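So the structure is just underneath, and the comments pick up after that.
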Amino acid sequence: VKLYDAPWAPSPRRVRIFLAEKGVEVPREAVDLRSGEHLADAYLRINPRGAVPALKFDDGEVLCESAAICRYFEALHPEPPLFGRTPIEIGRIESWTRRIEGDGYAAVVYVLRNTTSAFKDHAIPNAGLSVAQIPELAARGAIMWDGFVEALDARLADRPWIAGEAYSFADITALVNIDFARAAKLAVPEHLGNLRRWHGDASARPSASA
Ligand SMILES: N[C@@H](CCC(=O)N[C@@H](CS)C(=O)NCC(=O)O)C(=O)O
């Protein structure tokens, strides 16, 4: 297999952190998003959407979507379980991952892609579409962000990690999301002490620098 990766982007980082937590090494090729390599023909033959990450198998099949790639590696390397072991753990991790993606990641994407000149006419990641920026979506994203960080802080009031006692895919998703938020000038406010404590702990894990 080969993982198409990009150094600073959140979705490929999600996969790199996941693999680091598993202790699994996968051959990688960096795609230069800044120069538009992901929108050039060679990469569009791998992922016609023009997005990273993508995992290419030796038989030519390509798996897209960071969560799906992580699921694949979880099935291949079940230890340590990052998507949960018991039914309730699996449910909790899924519940929080969806919330983080739907409220937190979407908030950052709304703000960043609708304000930054780099995303002019490219407000969603899709090589085939020209999509104009909508400033009102950035305003909505900022409101979503405030609600999201408050909810995550409350969740972390009495547990070390988002799903409970064990670090999980939900924590990876939130770490990547909160670090990515800086690019959109969205931060975790000082008074959210639980979330700030969690962020320090998640960032201190060796996998955070993967
Ligand atoms: N839901 C997808 C999102 C993929 C995605 O949006 N990737 C971004 C980098 S984080 C990208 O390739 N952007 C290219 C672009 O905006 O043109 C996943 O989780 O893999």
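Which one of 81, 12, 27 has the biggest mean-square fluctuation once the chain is modelled by GNM with Cα springs under 10 Å?
Per the Cα network of the chain with a 10 Å cutoff, 27 tops the list.
Got a number for carbon plus sulfur as a percent of the chain's accessible area, 1.4 Å probe? Working shown, then result.
On the way: 5780 of 10560 Å².
Roughly 55 percent, rounded to a whole number.
Taking every pair of alpha-carbon atoms in segment 1-56, give the share separated by more than 18 Å as a whole percent. Could you put the intermediate results ahead of the total?
Values: 415 of 1540 pairs.
Tail of the P(r) past 18 Å holds 27 percent of the pairs.
Taking the Cα centre of the chain as origin, work out the dipole magnitude from +1 charges on Lys and Arg Cβ and -1 charges on Asp and Glu Cβ, in debye rounded to 20.
Working: 25 positive and 28 negative charges, 56 e Å.
With Lys and Arg at +1 and Asp and Glu at -1, about 280 debye.
Before anything else, pin down the relative contact order of segment 129-200: Cα pairs under 8 Å, at least 6 apart, normalised by residue count, whole percent. Don't jump to the answer; show the numbers that get you there.
Values: 37 pairs, mean separation 24.0, N = 72.
Dividing the mean separation by the residue count of segment 129-200 yields 33 percent.
The chain: longest stretch without exposed chymotrypsin sites (Phe, Trp or Tyr not before Pro) (DSSP loop, at most 11 other Cβ within 10 Å), sites themselves excluded?
On the way: sites that count: 8, 57.
For chymotrypsin sites (Phe, Trp or Tyr not before Pro) (loop position, at most 11 other Cβ atoms within 10 Å), the longest site-free span of the chain is 58-210.
Could you work out the relative contact order of segment 28-77? I mean the mean sequence separation of Cα pairs under 8 Å and 6+ apart, divided by the number of residues, in percent. Present the calculation step by step, with values, prior to reporting the outcome.
On the way: 36 pairs, mean separation 10.3, N = 50.
After rounding, I find 21 percent.
Based on Cβ point charges of +1 for Lys and Arg and -1 for Asp and Glu, what charge dipole magnitude is obtained for segment 34-124 about its Cα centre, in debye rounded to the nearest 20?
Working: 11 positive and 13 negative charges, 73 e Å.
That gives segment 34-124 a dipole magnitude of about 340 debye.
Please work out the average accessible area per residue across the chain, using the 1.4 Å probe convention, and give it in Å². Mind dumping the intermediate values first?
Working: 10560 Å² over 210 residues.
About 50 Å² of surface per residue is accessible.
I want to verify a result. In a Gaussian network model of the chain, Cα cutoff 10 Å, which of these has the top mean-square fluctuation: 84, 200, 164?
In the Gaussian network model the winner is 200.
Once you have the Kirkwood Rh of the chain from its Cα pairs, apply Stokes-Einstein at 25 °C and 0.890 mPa s and quote D in µm²/s. Don't skip to the end; give the middle numbers.
Numbers: Rh = 17.8 Å.
The diffusion coefficient I find is 138 µm²/s.
Translational D (Stokes-Einstein, µm²/s) of segment 159-210 at 20 °C and 1.002 mPa s when Rh comes from the Kirkwood sum over C-alpha pairs? Kindly include the intermediate steps, with their values, before the conclusion.
Values: Rh = 11.5 Å.
The estimated diffusion coefficient comes to 187 µm²/s.
Give me the orientation-averaged projected area of the Cα convex hull of segment 124-198, in nm², one decimal. Working shown, then result.
Details: hull surface 24.3 nm².
Average of the hull's projected areas for segment 124-198 equals 6.1 nm².
Can you spot the lysines whose alpha carbon is less than 22 Å from residue 120's alpha carbon? Ignore those fewer than 8 places along the same chain.
Cα-Cα hits under 22 Å: 185.
Could you tell me the relative contact order of segment 1-133? Use alpha-carbon pairs under 8 Å, at least six residues apart, and round to a whole percent. Write out the running numbers ahead of the final one.
On the way: 152 pairs, mean separation 27.9, N = 133.
Relative contact order comes out at 21 percent.
For segment 30-79, compute Rh as the Kirkwood radius over C-alpha pairs and then the Stokes-Einstein diffusion coefficient at 37 °C and 0.692 mPa s; write the answer in µm²/s, rounded to an integer.
Details: Rh = 11.8 Å.
The diffusion coefficient I find is 279 µm²/s.
Which one, 82, 169, 40, projects farthest toward the positive side of the charge dipole computed for the chain from Cβ point charges (K/R +1, D/E -1)?
About the Cα centre, the residue reaching furthest to the positive side is 40.
Just tell me, in residue order, which DSSP H segments of the chain are both 30 angstrom or longer along the helix axis (alpha-carbon based) and at least 1.6 in mean Kyte-Doolittle hydropathy. If you can, show how the numbers build up before the last one.
Working: long enough: 135-155 (31 Å, 0.18).
Within the chain not a single helix satisfies the rule.
If the cut-off is a Cα-Cα distance under 24 Å, which lysines reach residue 2, setting aside same-chain residues fewer than 8 apart in sequence?
22, 56
Filter the GluC sites (Glu not before Pro) in segment 1-45 to those in DSSP coil with at most 13 other Cβ atoms within 10 Å of their Cβ, and list the result. Can you show the working numbers first?
On the way: sites: 21, 25, 29, 37; in loops: 25.
Here the GluC sites (Glu not before Pro) that fit, given the DSSP loop and packing criteria, are 25.
The values are calculated or read from the model by the stated rules, or taken from the named source; none is laboratory data. If you're wondering where the values come from, they're calculated on a predicted model, not measured in any experiment. Here Cβ is always computed from backbone atoms with ideal geometry, including for glycine, and neighbour counts include all displayed protein chains. Heads up: the accessible areas ignore ligands, DNA and RNA and are worked out on the full protein's heavy atoms, side chains in. Shrake-Rupley method; radii C 1.70, N 1.55, O 1.52, S 1.80 Å.
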